[in-house]
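S.K.: Provided herewith is a single structure, encoded as structure tokens, for subsequent inquiry.
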Amino acid sequence: MEISTRQGDIIIELYPDKAPKTVAAFLSYVEKDLYNNASFYRVLNDENQPSNAAKANLIQGGLYRSKKTPDLAGVPHETTKQSGILHKDGVVSLARLEPGTATAEFFICVGDQPGFDFGGANNADGQGYAAFGRVIKGLDIVRKIYNLPEDNQYFDPPVPIFDIKKL
């Protein structure tokens with residue numbers, strides 16, 4: 001998959017054999033062109049999180065700051081315990097509130113993020129996030145985006161995602 005941004009292209013590989021429901025949902029959003037004119041809108045870094053919180057480092061993208069508001073069903077949660085895909089540097093995962101509520105919002109880990117794995121400290125419910133892919137080219141672009149100006153965890157301005165497409 002290729003994520004085309006103003007900062008450059010990011011190539012990710014997906015793991016349908018390890019996270020079939022998550023990959024199928026992500027591909028369905030790509031096929032519906034939902035990510036056309038979406039954005040990377042959020043960044044978590046060591047400076048913009050409460051000092052008493054479990055720290056995380058990532059960039060988050062999707063439809064949140066776009067004009068698109070499709071009614072999407074939540075994706076059944078596939079934990080890292082089930083998939084075996086740990087939140088290492090460059091791993092792509094779905095953002096969520098409760099298990100089973102993830103839709104089109106995704107994030108890319110900057111550095112290893114064990115707190116996002118099953119049993120990790122970044123989720124009170126202990127279920128972690130559903131990892132489903134990994135950056136195989138363009139990690140330098142991810143880091144370039146990560147270092148852009150932000151205000152209270154939101155990129156200012158958001159980084160346009162022109163398109164996500166199959167290669």
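S.K.: For Lys21, give me every one of the aspartates and glutamates with a C-alpha distance below 14 angstrom, ignoring sequence neighbours fewer than eight places off in its own chain.
M.R.: Result set, ordered by chain and number: Glu78.
S.K.: Filter the chymotrypsin sites (Phe, Trp or Tyr not before Pro) in segment 107-167 down to the DSSP loop ones having no more than 13 other Cβ atoms within 10 Å, then list what survives.
M.R.: none
S.K.: Run the quick spin-label model on Lys67 and Ile11: label points 7 Å from Cα toward the beta carbon, then report their separation in nm to one decimal.
M.R.: Computed distance between label sites Lys67 and Ile11 equals 3.4 nm.
S.K.: Measure out, as a whole number of angstrom, how far apart the alpha-carbon centroids of segment 106-121 and segment 138-167 sit.
M.R.: 18 Å
S.K.: Strictly over 29 Å apart at the Cα level, which of Lys81/Lys144; Lys18/Lys67; Lys18/Lys166; Lys55/Lys165 would you flag in this model?
M.R.: Pairs exceeding the cut-off: Lys81/Lys144; Lys18/Lys67; Lys55/Lys165.
S.K.: Given segment 17-74, report the % of alpha carbon pairs whose separation exceeds 13 Å.
M.R.: Summing the P(r) of segment 17-74 above 13 Å gives 70 percent of all pairs.
S.K.: Once amide H atoms are placed 1.01 Å from N in the peptide plane, what residues at a sequence separation of 5 or more from Arg42, or on another chain, have their amide H within under 5 Å of its amide H?
M.R.: Those lying under 5 Å, H to H, from Arg42 are Gln60, Phe155.
S.K.: Please give the per residue accessible area of segment 61-127, computed with a probe of 1.4 Å over protein heavy atoms only, in Å².
M.R.: Value for segment 61-127: 47 Å² per residue.
The values are calculated or read from the model by the stated rules, or taken from the named source; none is laboratory data. Remember, it's a predicted structure, so these values are computed and weren't measured experimentally. Counting neighbours? That spans all protein chains shown, and the Cβs are built from the backbone with ideal geometry, glycine included. The accessibility values were calculated without ligands, DNA or RNA, using every heavy atom of the protein model including side chains. Shrake-Rupley method; radii C 1.70, N 1.55, O 1.52, S 1.80 Å.
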